[in-house]
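Asker: Below are the structure tokens for one structure; questions will follow.
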Amino acid sequence: MQDAAVLTIIKREEKRQKEGIELIPSENYASRAVRTALSSFFVNKYSEGYPGKRYYGGNENVDDVERLAQERAKKLFKVPFANVQPYSGSPANLAVYLATCRPGDVVMGQALTAGGHLTHGDKVSATGIFFKSVQYQLKSGTADSRFRVSTDLFDYDEIRRLVKQHRPQLIWVGATAYPLQFHYEKFAEIAGAAGAFLAADIAHIAGLIVGGAHPSPVAHVHLVTTTTHKTLRGPRGAIVMVTDKGLKKDPDLSKKINQAVFPGLQGGPHDNQTAAIAVALHEAAQPSFKNYAKQVVKNAKVLAGVLKKGGLALVGGGTENHLILVDLSPTHGPGAGIFAQKALDEAGLTLNKNSVPDEPSSPFYPSGIRLGTPASTTRGMKEKEMKFIGETILEALSLLKPYALPKTKDERLDYLRNFRKEMESNRQLHSLKLKVKKIALRFPIR
């Protein structure tokens, strides 16, 4: 029997996705084959343990599909070990801490305000609560170079100084809002001199790496973590991998990762998720996926060019991957990200507000927006559509000039409530939404 209430909500979400254009860089569309595996009979099984070593019986087929996912991950990323059981990216990263550190050890990662991830040692995360976290920032003056093209925003001398001073046991390289390529060899030199474990979080760029559109960290780091639902186009899940360099540093590292995932952090894996990951890895190994990855970057560069030509400030001056980080503070004032996200949502373009380097406001009312091209590229959109999207963003943002974030919290609630109502009834945004819908329906979600 169908649940009419839930089915109605699902239909609404399907309509929203089909009629709008998804620009959040951490979202994508899984194929029908991935979704079929995700809703398969594997959803009914409980499989605590690992292939050949399960607590429950009846796991012969689960063992086969998990081994298949492991082998596909190892072949695709060129690593000797892969654990495909983590429920998502955050527990995958926590497994790395559990395998390499003791509570209270010093760890280091890119600060959240500099585009890093919560699980790289932010103070509100378990990784910053149970470990002594030292965070590195981007180069001083990054905010002043928004209109200049850069190829690297890290201050390696400062990172080297911090490492020498604090002697971390684990160093992270990877981000959630960084628009340029990573130079892993530079982090490897710093970590190697300190004897630290170096872990690369490639959650955002995994698909670009296997598609040949971004350098791989595998030769330079000891561990690699990734989610499977972003540029990899799989289900929501994660993988932890150990490299040859990692096994050379600690021959037991793969065993420690397995123990950290189970029983350290999780119970039985989601077998339907494992099956769907196996399908996604198979799809990513096809020649067509390389074309996809390269088109993602092409599209991002075109979109960034339109926004920059329209007078917007881009962190790094552009993009080298799938992601664009726009600093709205020079053009729309501090805290403008919250206005932009709502206005563009009303125009049928979904992206997210985001902090920018040297953020003049706060994480709750950030001054930037983060957008990317993985999902739109999956639908088949190319350079022509990116130009349309960029021009639509500029037109929508032009409506925000009269708005400014109040300085006090008490003023903000009423101000933002009134702003949302005005955006929801704005005729120009409604007109843009119809144009977006017309374009979106030409590129069906498969």
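Just so you know, all these numbers are worked out from the coordinates, no wet-lab data involved. Keep in mind the model is a prediction, meaning the values are calculated, not measured. As a convention, Cβ positions derive from the backbone with ideal geometry for all residues, glycine included, and neighbour counts pool all protein chains shown.
Asker: Whose amide H sits under 5 Å from the amide H of residue 314, counting only residues 5 or more places off or on another chain, with H placed in the peptide plane?
Answerer: 327
Asker: In the structure displayed, which of 308/387; 230/294; 123/353; 186/230 lie more than 19 Å apart, Cα to Cα?
Answerer: 123/353; 186/230
Asker: Using the structure shown, select from 132/164; 298/382; 74/255; 139/298 the pairs with a Cα to Cα distance greater than 18 angstrom.
Answerer: The answer is 139/298.
Asker: Please state the Cα pair-distance histogram of the stretch 1-116 with 5 angstrom bins from zero: what percent is in each bin?
Answerer: 2, 7, 10, 15, 17, 14, 14, 12, 6, 2, 0
Asker: Continuing with the same structure: Given the stretch 199-252, what percent of its DSSP beta bridges are antiparallel, to the nearest 5?
Answerer: 60
Asker: Return the long-range amide H neighbours of residue 250 (sequence gap of 5 or more, or a different chain), with a cut-off of under 5 Å between placed amide H atoms.
Answerer: Residues meeting the criterion, in which the H sits 1.01 Å from N, do not exist here.
Asker: Turning to a different aspect of this structure: Normalising by the residue count of the chain, find the relative contact order in percent from Cα pairs under 8 Å and 6+ residues apart.
Answerer: After rounding, I find 22 percent.
Asker: Of the DSSP beta bridges with both residues in the stretch 34-284, give the percent that are antiparallel, rounding to the nearest 5.
Answerer: Approximately 45 percent, going by the DSSP bridge assignments.
Asker: How many angstrom separate the Cα center of the stretch 180-214 from the Cα center of the stretch 400-446?
Answerer: The stretch 180-214 and the stretch 400-446 have Cα centres separated by 37 Å.
Asker: Another one. Per residue and in Å³, how big is the convex hull formed by the alpha-carbon atoms of the stretch 233-316?
Answerer: Cα convex hull per residue, to the nearest whole number: 171 Å³.
Asker: Same structure again: Suppose every Lys and Arg Cβ carries +1 and every Asp and Glu Cβ carries -1, with no other charges. What dipole size does the stretch 290-440 come out with about its Cα centre, to the nearest 20 debye?
Answerer: 660
Asker: Using the C-alpha atoms of the stretch 34-284, what convex hull volume per residue, in cubic angstrom, is computed?
Answerer: 118
Asker: Would you mind computing, in nm to one decimal, how far apart the modelled labels at residue 409 and residue 11 are, each placed 7 Å from Cα along Cα→Cβ?
Answerer: Placing both labels 7 Å beyond Cα along the Cβ direction yields 4.3 nm.
Asker: Between beta-carbons, use under 13 Å as the cut-off and find the net charge around residue 27, counting Lys and Arg +1, Asp and Glu -1.
Answerer: +4
Asker: Still on this structure: Please report the antiparallel percentage of the DSSP beta bridges confined to the chain, to the nearest 5.
Answerer: Rounded to the nearest five, the antiparallel share is 55 percent.
Asker: I want to verify a result. In a Gaussian network model of the chain, Cα cutoff 10 Å, which of these has the top mean-square fluctuation: 369, 129, 190?
Answerer: 129
Asker: Same structure again: If R0 is 56 Å, what FRET efficiency do you get for residue 4 and residue 183 from their C-beta distance, rounded to 0.05?
Answerer: Plugging the Cβ-Cβ distance into 1/(1 + (r/R0)^6) gives 0.55.
Asker: Checking the a/c ratio against 1.5 first, then a/b against b/c, what shape does the Cα gyration tensor give for the stretch 290-440?
Answerer: Oblate shape, in that a/c is at least 1.5 and b/c is the bigger or equal ratio.
Asker: Across the chain, what fraction of all alpha-carbon pairs, as a whole percent, falls in each successive 20 Å bin from zero upward?
Answerer: For the chain, the pair-distance distribution reads 25, 56, 19, 0.
Asker: To the nearest 500 deg cm²/dmol, what mean residue ellipticity at 222 nm is calculated for the chain from DSSP H runs of n ≥ 4 alone, each contributing -39,500 (n - 2.57), summed and divided by the residues?
Answerer: -13500 deg cm²/dmol
Asker: Given Cβ point charges of +1 (Lys, Arg) and -1 (Asp, Glu) and nothing else, what value in debye, to the nearest 20, does the dipole of the chain about its Cα centre take?
Answerer: With only Lys, Arg, Asp and Glu charged at Cβ, the dipole is about 900 debye.
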